[in-house]
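**Q** One structure coming up, written as structure tokens, with questions to follow.
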């Protein structure tokens with residue numbers, strides 16, 4: 001009799017547990033399809049390790065929208081991780097994930113709007129955050145844990161962290177790779193939009209003739225934020241006075257420019 005009772009209780013417990021899990025998944029998840037290869041990260045930031053690449057055509061369940069930039073998803077192997085919300089990488093097939101933020105940590109707060117829907121406001125916030133640090137001293141390889149000094153990539157990282165709630169890679173080459181992975185880059189700085197990141201090769205002099213005509217294979221060594229009207233907000237040396245605004249046209253910045261684009265897609 002005791003064995004029968006124990007078996008009955010065990011069966012009831014298993015049934016309830018499975019039922020509760022299925023209900024939770026049905027409530028939180030919606031279907032989505034990967035439309036272009038995207039990194040499947042273990043945390044909602046671009047510095048995180050990855051499980052690998054989710055390939056075109058793969059199906060995932062969206063469990064939560066962490067913020068403007070990250071979905072928390074489950075793949076067909078049952079792994080839970082994070083992917084970009086950009087429509088370039090993922091097409092939602094349902095009504096979207098839970099609007100709560102309980103599924104992961106958020107850098108900028110939960111929102112139901114896509115990142116592109118509020119891009120002008122985010123751009124203004126990023127630029128305002130950057131300008132707040134005008135004159136902050138330059139220090140090569142500055143400490144990323146404080147804002148007393150900046151090198152070029154630490155500055156852009158801080159501006160986007162405060163203004164858009166996103167954490168960019170720590171160095172200029174990592175930021176360049178991230179922006180390039182989003183698509184829509186340009187090698188003509190006049191095609192940039194305010195808030196776009198600009199990436200540059202090493203300084204070789206003030207004349208255009210000192211720089212190669214094809215810069216596609218050049219090593220990225222500097223980054224700044226395009227303000228529009230031919231101006232860049234950045235920092236690059238102690239003697240220049242720290243964070244500052246410079247004109248681009250006709251200067252070595254124009255000759256050194258490799259490519260630029262938005263980090264807010």
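**Q** To the nearest 0.05, how large is the calculated FRET efficiency for residue 213 and residue 49 if R₀ is 41 Å and r is the Cβ-Cβ distance?
**A** 0.60
**Q** Using 0.36 nm per residue, how much length does the chain from residue 124 to residue 139 gain when fully extended, once their Cα-Cα distance is taken away?
**A** Values: separation 15, 0.36 × 15 = 5.40 nm, distance 2.59 nm.
Residue separation times 0.36 nm, minus the Cα-Cα distance, leaves 2.8 nm.
**Q** In nm, to one decimal, how far is the residue 251 label point from the residue 87 one, both placed 7 Å along Cα→Cβ?
**A** 3.7
**Q** Right, another one. Label residue 77 and residue 202 with points 7 Å out from Cα along Cα→Cβ: what is the distance between them in nm?
**A** Roughly 4.0 nm, to one decimal.
**Q** At a 10 Å Cβ-Cβ cut-off, how would you order 134, 166, fewest neighbours first?
**A** On the way: 134 13, 166 23.
Lowest to highest Cβ neighbour count: 134, 166.
**Q** Hey, with R₀ at 25 Å, roughly what FRET efficiency would residue 148 and residue 173 work out to, going by the Cβ-Cβ distance, to 0.05?
**A** Numbers: r = 24 Å, r/R0 = 0.96.
So, using R0 = 25 Å, E works out to roughly 0.55.
**Q** Another one. Hey, fewest Cβ within 10 Å first, where do 53, 233 land in order?
**A** 53, 233
**Q** Ok, one more. Put a dot 7 Å past each Cα toward the Cβ at residue 191 and residue 35; how far apart are the dots in nm?
**A** A separation of 2.1 nm, rounded to one decimal place.
A short reminder: the numbers here are calculations on the coordinates, not readings from a lab. As the structure is a prediction and not an experimental result, all values here were calculated from the model. Quick reminder, even Gly has a Cβ in these numbers, built from the backbone with ideal geometry, and neighbours come from all protein chains shown.
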